[in-house]
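Notes to accompany the following structure.
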Amino acid sequence: MLELKNIDASYGFLQILWDVSLEVDDGEFVGLVGPNGAGKTTTLRTIAGLLKPTGGEVVFNGQRMNDVPAHQCTRRGISYISEDLNLFVEMSVRDNLLMGAYTIQDRDKQLETLDFVFELFPRLKERQSQLAGTMSGGERKMLAIARGLMSNPELLLVDEPSLGLAPHLVTDVFNSLERLQEAGVTILLVEQRVNATLEITDRAYVLEQGKIAMEGPSSELITNQHVKNAYLGI
């Protein structure tokens, strides 16, 4: 489904990614982990069309995406949920969700997707009339993820969903991501909580200083000595 081929990416003269290659197959739950400043968010922004790579190729469903603008990436099936969330805080939960379906012209399809989202996130259904700005941090994260689903994406890019959350809320959000994969959603997750990420993903890549340092099944990486020393405090 998704393939990054030797991607370089920069902000002006500052190069962030160096020769990054990774793949995400249909139905997979893949993690991208690493320290602060490693280039994880930059990788997602490059995939989502918010940042053009300076080298290499982004390929999605067999099509080269390097010069495709972000709104067209969304129409082609990529949904990016940033750490900033970007919710409409003075709008209701329901209206925020429907805004996520702006690329779908069929009203019946929008409502069908809304029903699917409410099945996955019953708490949002209960609070669909509540203003987004009055929700807790964990609920906002769920709303952002749910809104990303409203465009019926083939690939969901999720950036740091645990950022700023209390531990019990992190568990709720991670459980939500697991339910999404069980429902058939393909996910690429960027997250600093390495142990939690490796426990729920199929495969993972470790990004260090803008380069892929290692990759493999999550069940193997979680027992890797370098990963234990660098990220798990073992």
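Filtering segment 10-28 down to residues that are surrounded by fewer than 24 Cβ atoms within 10 Å (Cβ to Cβ) and among the aliphatic types (A, V, I, L, M), which residue is farthest from Leu207 (Cα to Cα)?
Across segment 10-28, the extreme among qualifying residues is Leu14.
Please enumerate the residues belonging to segment 29-59 that are assigned to a loop (DSSP other than H, G, I, E, B), crowded, with 20+ Cβ neighbours inside 10 Å and in contact with a Phe, Trp or Tyr (Cβ under 9 Å, 6 or more places away or on another chain).
Gly34, Gly39, Ala48, Gly49 - these are the residues of segment 29-59 that are assigned to a loop (DSSP other than H, G, I, E, B), crowded, with 20+ Cβ neighbours inside 10 Å and in contact with a Phe, Trp or Tyr (Cβ under 9 Å, 6 or more places away or on another chain).
Here is a check on your reading of the model: is Ile200 within 17 Å of the chain's Cα centre (by Cα) and under 27 Å from Phe88 (Cβ atoms)?
no
Kindly evaluate Ala146 against the criterion of being surrounded by fewer than 18 Cβ atoms within 10 Å (Cβ to Cβ) and of a type in the set (Gly, Ala, Ser).
So Ala146 fails the test.
Within segment 60-87, track down each residue that is part of a loop (DSSP other than H, G, I, E, B) and surrounded by 14 or more Cβ atoms within 10 Å (Cβ to Cβ).
Asn61, Met65, Asn66, Val68, Arg76, Gly77, Ser82, Glu83, Leu85, Leu87
Can you run down the residue pairs with Cβ atoms below 9 Å, 6 or more apart or on separate chains, where the first is in segment 50-65 and free of Cβ contacts under 8 Å to residues at least 40 places away in the same chain and the partner is of a type in the set (Phe, Trp, Tyr)?
Here the result reads Leu50/Tyr80, each pair linking segment 50-65 to a residue that is of a type in the set (Phe, Trp, Tyr).
Do we find that Leu189 is under 16 Å from the mean Cα position of the chain (by Cα), part of a strand (DSSP E or B) and within 18 Å of Leu22 (Cα to Cα) in this structure?
yes
Got a number for residues in segment 195-234 being surrounded by fewer than 16 Cβ atoms within 10 Å (Cβ to Cβ) and among the hydroxyl-bearing types (Ser, Thr, Tyr)?
Looking only at that region, the number is 2.
How many residues does segment 114-124 contain that are more than 16 Å from Met99 (Cβ to Cβ) and either among the hydroxyl-bearing types (Ser, Thr, Tyr) or in contact with an Asp or Glu (Cβ under 8 Å, 6 or more places away or on another chain) (or both)?
Going through segment 114-124 one residue at a time, the tally reaches 1.
Counting only residues that are at pLDDT below 90 and assigned to a strand (DSSP E or B), how many does segment 88-104 have?
Going through segment 88-104 one residue at a time, the tally reaches 0.
What are the pairs with Cβ atoms under 6 angstrom where one residue, in segment 12-25, is within 11 Å of Lys211 (Cα to Cα) and in contact (Cβ under 8 Å) with a residue 60 or more places away in the chain and the other, located anywhere, is β-branched (Val, Ile, Thr) and in a strand (DSSP E or B)? Sequence gap at least six, or different chains.
Pairs that qualify, where the first residue is within 11 Å of Lys211 (Cα to Cα) and in contact (Cβ under 8 Å) with a residue 60 or more places away in the chain and the partner is β-branched (Val, Ile, Thr) and in a strand (DSSP E or B), are Leu17/Ile7; Val20/Ile7; Val20/Ile212.
Among the residues of segment 91-136 satisfying the criterion of being over 20 Å from Tyr80 (Cα atoms) and of a type in the set (Lys, Arg), which is surrounded by the fewest Cβ atoms within 10 Å (Cβ to Cβ)?
Looking at the filtered set, the residue picked out is Arg107.
When you check Leu87 against the structure, is it among the aliphatic types (A, V, I, L, M) and touching an Asp or Glu at 6+ places or on another chain (Cβ under 8 Å), yes or no?
No: the conditions fail for Leu87.
The values are calculated or read from the model by the stated rules, or taken from the named source; none is laboratory data. These figures come from a predicted structure and were not determined experimentally. We place every Cβ from the backbone using ideal geometry, glycine too, and count neighbours over all the protein chains shown.
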